[in-house]
Amino acid sequence: MSEPTFRQRRLGRALQLLRERARLSQKDIAERLRYNIAKVSRIENGQVPDYSAFETMLDVYGVIADDQEPYVEMWQLAEEKAWWHQYRLEDQGYISLEHDAAVILTFQASYVPGLLQTKRYMRALFASVRSPRSKKWVEDQIAIRTRRRQRLESDKPVRYHAIIMESALRHADREQLSYINEVAGLPTVTVQVIPDSVGLHEGYNGSFTLLDFPYPSDPRVLYVEHTEGSIHIEDPARVKSATLTFKHLSKLALIPEKSAALIGRLAAER
């Protein structure tokens, strides 16, 4: 079974909060729905209930008709098949986070960030993996990343702030470097570069991404990729620590105008 999407987890969290506000246990609602407790737990962790069960939950939790619309919208979004479903993505957990985010803050120590990559750079990355991938897999991944980039220029664009180490740009060709500066010109995009001259800093601990969402009740999420996969973290203390690290790295980095000038110089040398 695939990992629940951000929208599904949001619905589950909302239903859990309603249950707790009504001072009911998982056992109480399981008895009302004739479910076992394990199924109620799965729903609160992102499994979408059928609409009949969902309506019963709202009724039992005391949500009156006039107040149900936001929860119905959450259920509809959780049930909706997103555009990436056709690709059978292994990392749909992150794609769904990125898709719904209002703000993305990313620090990249080794590569050009995904939303700033050209197709040629993507192909070079996929060709470098230890286990060869099929041509279809590569083309699907390129299509996915290209589609993800649309968030930067949509009617409601995501606010995107990328901090990149200069060393991560060493294997980028002129086209890739020029494209970074092109995207950095968008009003909702900020790109900063930490020059090699800064020396050792916290960024050498690894890349990470922070995501904010339009719903005030949704926590900021920390997303980290590693050799064997990835993890997203909502623990407030760890998210706060990563946020402070991002702010510190932003202070170490060149301001956007000087970053663009450095990227331009690197492009001219290619």
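With respect to Val72, determine if the residue is at pLDDT 85 or above, in contact with an Asp or Glu (Cβ under 6 Å, 6 or more places away or on another chain) and not assigned by TED's automatic domain parsing to the domain that holds His248.
Values: at pLDDT 85 or above: yes; in contact with an Asp or Glu (Cβ under 6 Å, 6 or more places away or on another chain): no; not assigned by TED's automatic domain parsing to the domain that holds His248: yes.
When the stated conditions are applied, Val72 does not pass them.
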> How many residues does segment 149-160 hold that are in contact (Cβ under 8 Å) with a residue 12 or more places away in the chain and either assigned to a loop (DSSP other than H, G, I, E, B) or surrounded by fewer than 19 Cβ atoms within 10 Å (Cβ to Cβ) (or both)?
Replying inline: 7
> Which residues, counting only those in segment 193-217, are surrounded by 13 or more Cβ atoms within 10 Å (Cβ to Cβ), more than 23 Å from Lys156 (Cα to Cα) and in contact with a helix residue (DSSP H, G or I) (Cβ under 8 Å, 6 or more places away or on another chain)?
Replying inline: Val193, Ile194, Pro195, Val198, His201, Glu202, Gly203, Phe208
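So which residues in segment 206-228 are over 14 Å from the mean Cα position of the chain (by Cα), over 27 Å from Glu73 (Cα atoms) and touching a residue at least 24 places away in the same chain (Cβ under 8 Å)? Before you say what the answer is, go through the steps one by one.
We begin by selecting, within segment 206-228, every residue over 14 Å from the mean Cα position of the chain (by Cα); these are 206, 215-217, 226-228.
With over 27 Å from Glu73 (Cα atoms) added as a condition, the list becomes 206, 226-228.
Hit for segment 206-228 is Gly206, nothing else.
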> Among the residues of segment 232-251, how many are surrounded by fewer than 16 Cβ atoms within 10 Å (Cβ to Cβ) and within 16 Å of Gln108 (Cβ to Cβ)?
Replying inline: 1
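Are any of the residues in segment 187-195 without any contact (Cβ under 8 Å) to a residue 60 or more places away in the chain and within 20 Å of the chain's Cα centre (by Cα)? Spell out how you get there, then give the answer.
From segment 187-195, those without any contact (Cβ under 8 Å) to a residue 60 or more places away in the chain are 187-189; that's our starting set.
If we keep only those that are within 20 Å of the chain's Cα centre (by Cα) too, we end up with 188-189.
Checked segment 187-195: at least one residue is without any contact (Cβ under 8 Å) to a residue 60 or more places away in the chain and within 20 Å of the chain's Cα centre (by Cα).
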> Thr188: β-branched (Val, Ile, Thr), surrounded by 11 or more Cβ atoms within 10 Å (Cβ to Cβ) and either modelled with pLDDT of 95 or more or assigned by TED's automatic domain parsing to the domain that holds Phe107 (or both), yes or no?
Replying inline: yes
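Restricted to segment 1-44, and to residues that are of a type in the set (A, V, I, L, M) and outside any helix (DSSP H, G or I), which residue is surrounded by the fewest Cβ atoms within 10 Å (Cβ to Cβ)?
Of the residues in segment 1-44, the ones of a type in the set (A, V, I, L, M) are 1, 11, 14-15, 17-18, 22, 24, 29-30, 33, 37-38, 40, 43.
Subsequent filtering for residues that are outside any helix (DSSP H, G or I) retains 1, 22, 24.
Numbers: Met1: 5, Ala22: 14, Leu24: 17.
Residue satisfying both the conditions and the ranking: Met1.
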>> Can you report the number of residues in segment 45-73 which are surrounded by 12 or more Cβ atoms within 10 Å (Cβ to Cβ), out of contact with any helix residue (DSSP H, G or I) (no Cβ under 6 Å at 6 or more places or on another chain) and not in a helix (DSSP H, G or I)?
In response: 2
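The values are calculated or read from the model by the stated rules, or taken from the named source; none is laboratory data. The shown structure was predicted, so the numbers you read here are calculated from the model rather than taken from an experiment. Note that we place each Cβ from the backbone using ideal geometry, even for glycine, and neighbour counts take in every protein chain shown.
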